[in-house]
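Everything below concerns the one structure shown next.
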């Protein structure tokens, strides 16, 4: 595996007053991946992005991007990093064209009208190129932020809550744009409150809480190792106990004995321990044992289930 394009080691940030926003964070980012950083409000996501982008000065630790130490050689690395911030802070009286062109010039790149046009067209902003930013909708303003970040052709792009406050249609359009960036070879790191966004787009997922990285894993591996399958069999006749023939399955009896509840497996299909395959085997075993059922409700863990469970588990550790 090639060296990471971004390596964070032992990164901590303590603000005046003692608030610890980052606590000894280690993280490596691979070239060309989409990495989703999930965490509740106040978890440290924006502080981490700010530290890499030069907006926050770390208390301790090192950040290396494209082989450059950001503490001593930040200019060379920063030129290859783009940021789309949460806040819609931009020059509201400037036109879209001028704002995006100016962002390119800030990084010392020569004017390139064809490239600016390509960016604006890809974000459906071409028809608005001469409009003042203050005249645009919230979704369009957020697209302008993305266009500004892309203007200097970064190799690593941070998207901090890129679809916050954007309607569903625009959100799907932005997902398509993020996918297109990956196709061009851009590495994307995004923070999001929409866990479906991470589940749909990310190659790897990191979960952060109280400034600490709880885990980082490939999305598929996370689903396999931490996911599970739940199946509820509604019974034709109540049961008082689980039949001995079904002892090998992880079963409990529901209230009143009117259902059998299975929980187990990985929640990932076509792997060892596939919960759906176990449910299929359980169905056959129920029939063979003469247990009559009138309905089955099957649910595989989503990334949201895993995230909520992991955060709740660590909150319990704090108690």
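The values are calculated or read from the model by the stated rules, or taken from the named source; none is laboratory data. Please read all numbers here as calculations on a predicted model, not as lab measurements. For neighbour counting, all protein chains shown are included, and Cβ atoms are generated from backbone atoms with ideal geometry for every residue, glycine included.
Miscellaneous remarks
- Subset of segment 77-97 (residues that are surrounded by fewer than 15 Cβ atoms within 10 Å (Cβ to Cβ) and modelled with pLDDT of 85 or more): 93
- Matching residues, segment 107-121, being exposed (fewer than 10 other Cβ atoms within 10 Å of the Cβ) and either more than 26 Å from residue 74 (Cα to Cα) or not assigned by TED's automatic domain parsing to the domain that holds residue 83 (or both): 113, 114
- Taking the criterion of being more than 15 Å from residue 39 (Cβ to Cβ) and either at pLDDT below 80 or surrounded by 17 or more Cβ atoms within 10 Å (Cβ to Cβ) (or both), the residues of segment 207-221 that qualify are 219, 220, 221.
- Candidate set from segment 106-127 (those that are modelled with pLDDT of 85 or more and more than 30 Å from the chain's Cα centre (by Cα)); member that is farthest from residue 172 (Cα to Cα): 110
- Residue match in segment 157-175 (condition: out of contact with any strand residue (DSSP E or B) (no Cβ under 8 Å at 6 or more places or on another chain) and either at pLDDT 85 or above or closer than 24 Å to residue 64 by Cα (or both)): no
- Just so you know, in segment 153-166 the residues that are touching a helix residue (DSSP H, G or I) at 6+ places or on another chain (Cβ under 6 Å) and without any contact (Cβ under 8 Å) to a residue 60 or more places away in the chain include one that is surrounded by the fewest Cβ atoms within 10 Å (Cβ to Cβ), and it is 165.
- Filter result for the condition that a residue is surrounded by 15 or more Cβ atoms within 10 Å (Cβ to Cβ), over 17 Å from residue 179 (Cα atoms) and at pLDDT 85 or above, over 136, 150: 136
- Yes/no for residue 119 being touching a residue at least 60 places away in the same chain (Cβ under 8 Å), over 30 Å from residue 221 (Cα atoms) and either in contact with a helix residue (DSSP H, G or I) (Cβ under 8 Å, 6 or more places away or on another chain) or not in a helix (DSSP H, G or I) (or both): no
- Looking only at residues of segment 231-258 that are within 15 Å of residue 281 (Cα to Cα) and either in contact (Cβ under 8 Å) with a residue 60 or more places away in the chain or part of a helix (DSSP H, G or I) (or both), we find that the one that is nearest to the chain's Cα centre (by Cα) is 231.
- Hits in segment 74-116 (condition: under 18 Å from residue 158 (Cβ atoms), touching a helix residue (DSSP H, G or I) at 6+ places or on another chain (Cβ under 8 Å) and assigned to a helix (DSSP H, G or I)): 100, 103, 104
- Qualifying helices (runs of 4 or more DSSP H) (wholly inside segment 125-219; at least 2 residues being within 30 Å of residue 114 (Cα to Cα)): 138-150, 168-183
- Of the set (1) touching a residue at least 40 places away in the same chain (Cβ under 8 Å); (2) farther than 25 Å from residue 200 by Cβ; (3) surrounded by fewer than 23 Cβ atoms within 10 Å (Cβ to Cβ), all apply to residue 22 but (3).
- Those residues of segment 6-30 which are closer than 23 Å to residue 180 by Cβ and in contact with a strand residue (DSSP E or B) (Cβ under 6 Å, 6 or more places away or on another chain), in sequence order: 6, 29
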